[in-house]
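The values are calculated or read from the model by the stated rules, or taken from the named source; none is laboratory data. Because the structure is predicted, anything quoted here is derived from the model rather than measured. In this analysis, Cβ positions are derived from the backbone assuming ideal geometry, glycine residues included, and neighbour counts consider all displayed protein chains. Please note that ligands, DNA and RNA were not included when accessible areas were found on the heavy atoms of the full protein model with its side chains. Shrake-Rupley method; radii C 1.70, N 1.55, O 1.52, S 1.80 Å.
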Amino acid sequence: MSGNWKMNHDHHQAISTVQRLIFRLRPEDYRVADVCIHPPFTDLRSVQVVLDNDDPQLMLGAQHCYWEESGAFTGEVSAAMLAKLGVTYVIAGHSERRQLFGDTDEMVARRVRAILANGMTPILCVGETGEERDQGWTLERIRDQVKGSLDGCTADQVGSMVVAYEPIWAIGTGRTATPDDAQAGAHAVRAEVEARFGPEAASTVRIQYGGSVNPANARQLMSHPDVDGVLVGGASLDADSFAAIVASLVQE
Ligand code: PEP
């Protein structure tokens, strides 16, 4: 269960949000889920200190990284730097990075390999645009992105990763996919992982749905077998709503 804050919450707001989230999450949530928040880079150290002191079960994530370890790459932050900060999960290839900042599958694959090499878990994002969906290219697009973005990874590495199926037309739009759409996309991810990396990797890779998830729709969206969790943007900015989404995974 991942909360992507995108470019929201300065470090003061981050501290109060994470404190409220810690107060809201329950032991039974942690029994069924890995829960992670992905604040902007400038908040990571402040949030890390709160988590270390108050709730080591809630994991720290990042939204992006560069693949080189250090050097003349102005403005970039390396996977190695994130690992030093206690980051566990790093998002790679979010559609906003692909669409606004020119990330290609090849660049995403380099990020994925750097995240793995530094002992962290990538959350690889894939998904089709509205136009691709209208043309009937959804499954082909997912397959291409999975193939290209996992280039150079081993079956063991892929089996330990998270892949988020995020249809771009559903991100930040309030237009959520149906549970059947989420299942179809997640199944396409799993099938492509199986074709390239074998049945073991396909059975252990964790697949999320992402796109306008909220407390009212989260449970339904996770009701099909290939959807293991959710990647939440807007609704994760508010601690109460993200905690309610996490709680929806716990069986009554
Ligand atoms: C996201 O940022 O990955 C996302 C799914 O955003 P939202 O939940 O706001 O659609």
Return the single residue from 212, 236, 223 with maximal mean-square fluctuation; model: Gaussian network over the chain, springs between Cα atoms under 10 Å.
-> 223
Amide H neighbours of residue 121 under 5 Å, at least 5 residues apart or on other chains, H built in the peptide plane: list them.
-> 89, 90
Karplus ³J(HN,Hα) for segment 125-138 (6.51 cos²θ - 1.76 cosθ + 1.60, θ = phi - 60°; Hz, whole; x = Gly/Pro) runs 9, 9, x, 9, 7, x, 5, 4, 4, 4, 7, x, 9, 3
Go through segment 18-27 residue by residue and turn each phi into a ³J(HN,Hα) via Karplus (6.51, -1.76, 1.60, θ = phi - 60°); whole Hz please, and just put x for glycine and proline.
-> 5, 5, 5, 5, 4, 5, 7, 6, 10, x
Could you please put 207, 171 in sequence from largest to smallest accessible area, using a 1.4 Å probe?
-> 171, 207
Would you mind getting the accessible area per residue of the chain, heavy atoms of the protein chains only, 1.4 Å probe, in Å²?
-> 45 Å²
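Among the chymotrypsin sites (Phe, Trp or Tyr not before Pro) in segment 1-95, which ones are in a DSSP loop with at most 16 other Cβ atoms within 10 Å of the Cβ? Mind listing them? Present the calculation step by step, with values, prior to reporting the outcome.
Values: sites: 5, 23, 30, 41, 66, 67, 73, 89; in loops: 5, 67, 73.
Passing sites in segment 1-95 are 73.
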Counting only DSSP loop positions in segment 3-100, the GluC sites (Glu not before Pro) whose Cβ has at most 16 other Cβ atoms within 10 Å are 68, 69, 76
Counting only protein heavy atoms, what percent of the accessible surface of the chain is carbon or sulfur at a 1.4 Å probe?
-> 49 percent
In whole Hz, what ³J(HN,Hα) sequence does segment 30-46 give by Karplus (6.51, -1.76, 1.60; θ = phi - 60°), x for Gly and Pro?
-> 5, 5, 9, 9, 8, 10, 9, 10, 10, x, x, 3, 5, 9, 4, 5, 4
Enter the accessible area of residue 180 (Å², nearest 10), with the probe set to 1.4 Å and all protein chains included.
-> 100 Å²
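So what is the relative contact order of the chain, in percent, for Cα pairs below 8 Å that sit 6 or more residues apart? Numbers along the way, then the final one.
Working: 500 pairs, mean separation 51.3, N = 252.
Once normalised by length, the contact order is 20 percent.
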For the chain, what are the per-bin percents of Cα-Cα distances with bins 5 Å wide, up to the bin holding the maximum?
-> 1, 7, 15, 19, 21, 18, 13, 6, 1, 0, 0
